[in-house]
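One structure is given below, encoded as structure tokens.
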Amino acid sequence: MTEATENLEHAEHAHASGNKKLALLIAILALVLAITETMSKSYQTEVILKHQEAANLWSFFQAKSVRGNAAQLAKQQLTLLGNPKDERVSSAIAKLDDAIAHYDSDEKSGEGKKELAHKAREAEHEAHAYMEKYEKMEMAAGMLQVAIVLASATIITGVAVLAYLSMGIGAVALAFVGAGLFGTVI
């Protein structure tokens, strides 16, 4: 009977040791999940901010377009109705030409239509890049959740294959986390 008791104690010790390893695996997966979720939310916020920045820039672009069109119409009216020999008319037309050119491109302030369109497209590009990072992190988070469930099921069922499957899914999730963290934004 002592041999049977000894075998039972070895089995219980091995089971307890295995459970500790599974608990450690679950803890590591949960830690990586928490970091992944945090980064995911950060990227999601960046997507929203970059979309808002692009929308603001496009609104500014539209305002410059309206002002430029108004200046163009004023110039056309002066040209059609004004006396070209009148110094005030020719001076006003020259000022309107300057304003029209300023609305189209203003490299000094960076607030001409040309510069605003470039900045807006850049913000849209950054939003897209952050969206890709966000999607990778969300995919990793889902896989980590599945891996945690499988590792937990291993403790309950004792089916070792579930633990290996959990580790495999966890490794794939880490690859997605890496792609999300180290993917380029610009």
Positions within the stretch 96-117 being surrounded by 14 or more Cβ atoms within 10 Å (Cβ to Cβ) and either over 40 Å from the mean Cα position of the chain (by Cα) or part of a helix (DSSP H, G or I) (or both), in sequence order: Leu96, Ala99, Ile100, His102, Tyr103, Asp104, Lys113, Lys114, Glu115, Leu116, Ala117
For the condition modelled with pLDDT of 95 or more, closer than 23 Å to Val177 by Cα and not aromatic (Phe, Trp, Tyr), what is the one hit in Leu57, Leu33? Leu33
Here is a list of conditions, (1) over 14 Å from Thr36 (Cβ atoms); (2) open to solvent by less than 50 Å² (accessible area, probe 1.4 Å), and Ala147 meets all of them except one; can you say which number that is? (1)
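Mind listing just one residue for me: the one in the stretch 153-186 that is part of a helix (DSSP H, G or I), within 13 Å of the chain's Cα centre (by Cα) and of a type in the set (A, V, I, L, M, F, W, C) and, of those, farthest from Ile26 (Cα to Cα)?
Step one: list which residues in the stretch 153-186 are part of a helix (DSSP H, G or I), which gives 153-157, 160-182.
Cutting the leftovers down to within 13 Å of the chain's Cα centre (by Cα) gives us 179-182.
If we keep only those that are of a type in the set (A, V, I, L, M, F, W, C) as well, we get 179, 181-182.
On the way: Ala179: 22, Leu181: 22, Phe182: 25 Å.
Among them, the one singled out is Phe182.
So which of Glu115, Glu87 ends up being at pLDDT 95 or above and either among the acidic types (Asp, Glu) or under 30 Å from Ala173 (Cα atoms) (or both)? Give the derivation first.
Values: Glu87 fails: at pLDDT 95 or above.
One residue alone meets the criteria, Glu115.
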Filter pass, Ala127 being in a helix (DSSP H, G or I) and surrounded by fewer than 17 Cβ atoms within 10 Å (Cβ to Cβ): no
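The values are calculated or read from the model by the stated rules, or taken from the named source; none is laboratory data. The shown structure was predicted, so the numbers you read here are calculated from the model rather than taken from an experiment. Cβ atoms come from the backbone with ideal geometry, glycine included; neighbour counts cover every protein chain shown. To get the accessible areas, we keep the full protein, side chains included, count just its heavy atoms, and leave off ligands, DNA and RNA. Shrake-Rupley method; radii C 1.70, N 1.55, O 1.52, S 1.80 Å.
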